[in-house]
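Reviewing the structure listed below.
The values are calculated or read from the model by the stated rules, or taken from the named source; none is laboratory data. What you are looking at is a predicted structure, and each value in this text was computed from that prediction instead of being measured. Backbone-built Cβ (ideal geometry, glycine too); neighbour counts: all protein chains shown.
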Amino acid sequence: MPRSVVLGAGAVGVATAFHLQRLGHDVTVIDRQPGAALETSFGNGAVIHASEVEPWSQPGMPLKILKWLGREDAPMLLRPSALPHMWRWGVGFLRNCTEARFHANARANLRLALYSLASLQEIRRALAIEYDCATKGVIKIYRDPAALEAGRRNSTMLAGHGLTFAVLSRDECVAREPALADTAASLCGALYYERDEVGDCHKFVQGLAAHVAARGGRFLYGATVRNLALSGGRVAAVETTAGPVECDNVVAAMGSFTPALLRPLGIDLPIYPVKGVSVTVPAAPWNDAPSHAIIDDGRMFGLIRIGDRLRAAGSAEIAGHDATPSPARAAAIVAKVVETFPGFARCHRPETALVWAGLRPVTPSGVGYMGPTRCANLYVNAGHGHLGWTMSCGAGRLVADIVAGRQPAIDLAGFPSLVA
């Protein structure tokens, strides 16, 4: 039985371990935290969406980032202190901001997102994990007709590759989601993505990890990976603070921390952390809170109902590996939500609000790395950016297939490779 070690117990790592175990591997998952899904997978935006597969590297984005410099309420804030450490990544980001590369990268992401959604649904049917799943879709609202038309064009471009969507008028928005009535006068319409789902990533990953453990998988928590010990061009063992772990295969799924692990091996993985902030509150004080996930295009936030909670998310901050949530940026998100939904103010109380930040592992292209490296038995599953929860089940299945020598179920053309 092959001994496969997965580094990282977030959504991507645990999904990889699950699929490796199904293929007959003896799996060990190593994570520095005391449990699964306690970093970037803990408090993310909670939407599993094919509707947001467009990379951040897109035409016009560099000018927007320059315009937003120094603004704490900016949707994407670049801290000057990060610049010396990310210039090569930044050059790659700029190269991917052409129309052609943007469309190609979006199509690759969509292919994986749809496959991943189907994989998630298959796991849900088989294991009955409780994770506050909702399947009502996502409504993306617009106030600017030009922005709505641009969104419609992008979705139409992806519709030929499997995306389904509908354009809603202002009245249709309110009919589908009555909570939009208070802001209806400001809207020009919306895009509705019926196949998108919502779920608590933390709960799902914890449930999936419990399933893997119950079938003999080993989870080594509270252990930091120090380095990978090579022998004959292969990884012979993973050196950790809890001792060495011998292996036949290793999958590095440590999100934004994966590049530092691989760099001593001469593997340059262009992933940079982009901090996201969320604010989660009890939904009970707001009787008429939205039942759909709402994405506000103009104010650039998402408001998502997760069971008996509401989560507001939407910040992107380029500030290195500091995962401390900025109070100013959290307050800016809340203020934007209240502008659209005054009722949210009834839910937001400092004593009950959970303010969280996580580091999205972003590549210059906005497309993740899945597959082998120059080390014969070392694989990577990282760099899925703001789509980690969306991509996790599909990416985990693809990488497990690659490790096991099986043909992946989808075409990997358009995805970056670490093998020359």
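Scanning segment 92-143 for residues that are acidic (Asp, Glu) and at pLDDT 95 or above yields 122, 130, 132. Screening the candidates 284, 313 for the property of being within 30 Å of residue 130 (Cβ to Cβ) and surrounded by fewer than 19 Cβ atoms within 10 Å (Cβ to Cβ) yields one hit, 284. Among the residues of segment 212-250, the one identified as surrounded by fewer than 19 Cβ atoms within 10 Å (Cβ to Cβ) and either under 22 Å from residue 391 (Cβ atoms) or in contact with a Gly (Cβ under 7 Å, 6 or more places away or on another chain) (or both) is 221. The residues of segment 132-144 that are in a loop (DSSP other than H, G, I, E, B) and surrounded by 20 or more Cβ atoms within 10 Å (Cβ to Cβ) amount to a single one, 137. Across segment 137-176, the number of residues qualifying as among the charged types (D, E, K, R) and under 28 Å from residue 115 (Cα atoms) comes to 5.
Annotation: of all residues in segment 296-310 being closer than 18 Å to residue 173 by Cβ and among the basic types (Lys, Arg), the one that is surrounded by the fewest Cβ atoms within 10 Å (Cβ to Cβ) is 299.
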